[in-house]
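Values quoted throughout were computed directly from the atomic coordinates according to the rules given, and no laboratory measurement underlies them. For clarity, every value in this text was computed on a predicted model and none was experimentally measured. Counting neighbours? That spans all protein chains shown, and the Cβs are built from the backbone with ideal geometry, glycine included.
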Amino acid sequence: MKIPKELIFEYLLSLENYTESHPSIKDITLREALDTQKKIINLGFSDKDIINMKSDKLMLEYKLWRKETGQ
């Protein structure tokens, strides 16, 4: 079973938003990342699965998804 791409992309986007956010809203963007991580873990995946999900192919798909959805 693989982590659903929608959740993967939501997680990657929230991490990216956290990295790029103004210090005054870092706690909000970090909460979004942690909420998405919790959704993934609740599906039965581990932190290791989350770390292992990243690949060059996935990152290309993520960038295309961001462009297509205007995220």
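Before moving on, here are some points about what is shown:
- Segment 1-39, residues that are within 19 Å of Gly70 (Cβ to Cβ), in contact with a Phe, Trp or Tyr (Cβ under 7 Å, 6 or more places away or on another chain) and free of Cβ contacts under 8 Å to residues at least 24 places away in the same chain: Thr29
- Scanning segment 3-53 for residues that are assigned to a helix (DSSP H, G or I), over 10 Å from the mean Cα position of the chain (by Cα), among the hydroxyl-bearing types (Ser, Thr, Tyr) and surrounded by 15 or more Cβ atoms within 10 Å (Cβ to Cβ) turns up Tyr18, Thr29.
- Residue in segment 61-69 that is touching a residue at least 40 places away in the same chain (Cβ under 8 Å) and of a type in the set (S, T, N, Q) present: no
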